[in-house]
Amino acid sequence: MKKGELIELEITDYAFEGKGISKVEGFVYFVDKSLPGDKVIAKIKKIKKNYAEAAVEKIIEPSPFRIEKFCSHFGTCGGCKQQDLSYEKQLSYKQEQVVDIFERIGGLSGFEILPILPSGLTQFYRNKMEFSFADKRFLTFEELSTEGEISDRNFALGFHVPGVYDKVIDIEKCYLQSERSNDILNFTREYFKSRDIKPFSVRSGEGLLKNLVIKQSFHFDDFMVNLVTYGEDSIVENYFDELSTQFPYVTTMINNVSTRKSSVAIGEYEKVYSGSGYIYESIGKGKFRISANSFFQTNPLQAEALYQTALDFADFKGNEVVYDLYSGAGTIPIFISERVNYIYGFESVEPAVEDAKINIGLNEIDNFKPILADLNKSFTPLIEELGIKKPDVIIADPPRSGMNPKTINNILELSPEKLVYISCNPATQARDIKLLAEGGYKLIKIRPVDMFPHTYHIENVALLQKNVI
């Protein structure tokens, strides 16, 4: 077998990253853009000792689970890699993958597995989209095959091609956010392109336009447009003036100004051109303020199902002291506040702690205290310093990288009766739970929650208890 060789394969299984799996005489092939049930001709891309990576060249016989793609950018844009797989099978494979991670990789057993919770919306479910400007547009194969000059190859607004940092696909319609978002996306591209305003180039350090970030509310009439630029320019005010005329539903417009050459869509400071500079969203009974740069669940309707699962797992009696680790803007503490005695939220991002304080006032909550704490260090000295009661229950919702070993040790020292662990990465979650199990906790049950249809990403909620035989 050589790189570039063509091979006929039958796809029998599905990997966590959204690649089909074929096994031939014990050798494993991971085949990009294939689905279980496909029979394909695949081209070998990379060869390792026990496996090879390949990509579909031709589908000989399609899987019965294949459906028609709905997006013209599918296959190039890396956002919705599973949109040609029926949603029922997406859910089935996500559930299987979570169980496989916990049982095979994590070595965990004897726990209850609840069925995955599907998303109520499978299109237009996001409340935030972040688009990138670039001075190099990703060209299609058809464009590259033409002999004529391509006039608009030096301006793009859309998404980066996976694995290619300097080229962007011009996105005309994205099915993840509303039609209003697409209208503003296309207006913005044409506005700056027609005026020959240049995207910022990391290579040259020149140009103005970096990102277009759109946030909207599902429960309130709030809509934010945030333009991220490299430095200031009077054209931004002109753009916002025209935007407000064309789209009166935009309630706040912000310019995040950056002087850094990095591609992060956050400026060192922001200028609010209209409105409050915020939008508001609800999860359950809670109302939350969202600023241009603050994190919030991007699928707010499904976030309620996620938090309700955590609440059901905790099975509060009403007298518990709860610690919420990685508490962010206070969404989980406010969601559970009516069911517990008191919540302490620990968060390492200072603006998120400030947002949490605002949200306490918005919701008239008197049993939640947000605390700035570095969760990459031991936080038990801070607990002793503040004289905080030890927890009966801990809820943890860490980033994809999982919990720091020091945080795990802190949990074991605090020894709460229950731990509810929410994760967007079941692999790091299973790793952490294995360490907690070695420290005396038992994994009782898990439930996957699909927050991101058509992607291979999956949230999972786990319940652990102390001293359970």
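The values are calculated or read from the model by the stated rules, or taken from the named source; none is laboratory data. A quick note: this is a predicted structure, and the numbers were derived from the prediction, not measured. All Cβ positions, glycine included, derive from the backbone under ideal geometry; neighbour counts span all protein chains shown. What goes into the accessible areas is simple: the full protein's heavy atoms, side chains included, and nothing from ligands, DNA or RNA. Shrake-Rupley method; radii C 1.70, N 1.55, O 1.52, S 1.80 Å.
Show me the strands (runs of 3 or more DSSP E) entirely contained within region 352-469 in which 1 or more residues are within 30 Å of residue 67 (Cα to Cα) and open to solvent by 40 Å² or more (accessible area, probe 1.4 Å). First the steps, then the outcome.
Values: elements: 368-372, 393-396, 418-423, 441-449, 459-466.
Here the list reads 441-449.
For residue 289, are the conditions met, namely being part of a strand (DSSP E or B), charged (D, E, K, R) and modelled with pLDDT under 95?
On the way: part of a strand (DSSP E or B): yes; charged (D, E, K, R): yes; modelled with pLDDT under 95: yes.
Yes: the conditions hold for residue 289.
Please determine, by comparing only the residues of region 245-279 that are open to solvent by less than 30 Å² (accessible area, probe 1.4 Å) and either aliphatic (A, V, I, L, M) or out of contact with any strand residue (DSSP E or B) (no Cβ under 7 Å at 6 or more places or on another chain) (or both), which one is nearest to residue 197 (Cα to Cα).
The residue in question is 257.
Check 53, 5, 57 and return the single one that is open to solvent by 40 Å² or more (accessible area, probe 1.4 Å), within 28 Å of the chain's Cα centre (by Cα) and modelled with pLDDT of 90 or more.
Testing whether each residue is open to solvent by 40 Å² or more (accessible area, probe 1.4 Å), within 28 Å of the chain's Cα centre (by Cα) and modelled with pLDDT of 90 or more leaves just 53.
Of all residues in region 190-204, which are touching a residue at least 24 places away in the same chain (Cβ under 8 Å) and either closer than 16 Å to residue 292 by Cα or open to solvent by 20 Å² or more (accessible area, probe 1.4 Å) (or both)? Don't jump to the end; show me each part of the working.
Start the filter on region 190-204 by keeping residues that are touching a residue at least 24 places away in the same chain (Cβ under 8 Å), which leaves 191-193, 195, 197-203.
Once the filter is applied, which keeps residues that are touching a residue at least 24 places away in the same chain (Cβ under 8 Å) and either closer than 16 Å to residue 292 by Cα or open to solvent by 20 Å² or more (accessible area, probe 1.4 Å) (or both), region 190-204 yields 193, 195, 197, 198, 202, 203.
Within region 157-168, identify whether any single residue is more than 23 Å from residue 123 (Cα to Cα) and hydroxyl-bearing (Ser, Thr, Tyr), and answer yes or no. Outline the logic, then answer.
Kept after step one, since they are more than 23 Å from residue 123 (Cα to Cα), are these residues of region 157-168: 163-167.
With the extra rule that they be hydroxyl-bearing (Ser, Thr, Tyr), the set shrinks to 165.
Yes, region 157-168 contains at least one residue that is more than 23 Å from residue 123 (Cα to Cα) and hydroxyl-bearing (Ser, Thr, Tyr).
Residue by residue through region 82-136, note down the ones that are touching a helix residue (DSSP H, G or I) at 6+ places or on another chain (Cβ under 9 Å) and of a type in the set (Lys, Arg).
126
Looking only at region 216-244, how many residues end up being in contact (Cβ under 8 Å) with a residue 40 or more places away in the chain, open to solvent by less than 10 Å² (accessible area, probe 1.4 Å) and part of a strand (DSSP E or B)? Write out each step before concluding.
Going residue by residue through region 216-244, those that are in contact (Cβ under 8 Å) with a residue 40 or more places away in the chain are 216-220, 222-226, 235, 239, 242-243.
Going one step further and asking which of them are open to solvent by less than 10 Å² (accessible area, probe 1.4 Å), we end up with 223-226, 239, 243.
Restricting the remaining residues to those that are part of a strand (DSSP E or B) gives 223-226.
Number satisfying all stated conditions: 4.
Go through region 61-84 and give me each residue that's in contact (Cβ under 8 Å) with a residue 60 or more places away in the chain, of a type outside the set (Val, Ile, Thr), touching a strand residue (DSSP E or B) at 6+ places or on another chain (Cβ under 8 Å) and assigned to a loop (DSSP other than H, G, I, E, B).
Within region 61-84, the subset in contact (Cβ under 8 Å) with a residue 60 or more places away in the chain is 70-73, 76-83.
Now narrow it down to the ones that are of a type outside the set (Val, Ile, Thr): 70-73, 77-83.
Filter again for touching a strand residue (DSSP E or B) at 6+ places or on another chain (Cβ under 8 Å), leaving 71, 73, 77-80, 83.
Matches in region 61-84: 71, 73, 78, 79, 80, 83.
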